[in-house]
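A.B. asks: Sending over a structure as structure tokens; questions will come in a sec.
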């Protein structure tokens, strides 16, 4: 019976010791391994992700985006905007200048030139006719001094009498 008791105690002791030791070892090892793995993996992965991936992504994205966007903006948008704006401005300015200048210049020049030319031409052409008319009014006397006769009482009476005659 002693042998049986010793065998039973030894079996229990071995079973409990092994189970306790194995459970402690496994839990301790698992906790240590998991914590080490998680901390190192997270630390290295985060450090790697934050440093390398973000820097590479940001540098490449920024460089490519900035270069392409700047070149696109500078080449296409500025050229199109400048060409369209310059075309519109030039077209508007040219049309405005042509219309305004031509209309105003032509109207004023033509009106003033025509009025002055017609008045001077008519006055110079009609001076001989007016002298003939005045000679007829004054009784066919040759009027050599036109300004001396013009505005006198004799001219006014002659002019008003012929006007009354022509009206009636």
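What follows is calculated from the coordinates using simple rules that are stated; it is not laboratory data. Predicted model only: the values in this text are computed from it and were never measured.
A.B. asks: Please state, to two decimals, what the Cα-based radius of gyration of the stretch 1-114 comes to when divided by 2.2 N^0.38 Å (N = residues).
C.D. replies: Expressed relative to 2.2 N^0.38 Å, the Cα Rg reads 3.39.
A.B. asks: How compact is the stretch 6-54 by the rule of thumb for globular proteins, expressed as Cα Rg over 2.2 N^0.38 Å?
C.D. replies: In units of the globular-protein estimate, the stretch 6-54 measures up at 2.08.
A.B. asks: So how far, in whole Å, is the C-alpha centre of the stretch 72-111 from the one of the stretch 1-44?
C.D. replies: 94 Å
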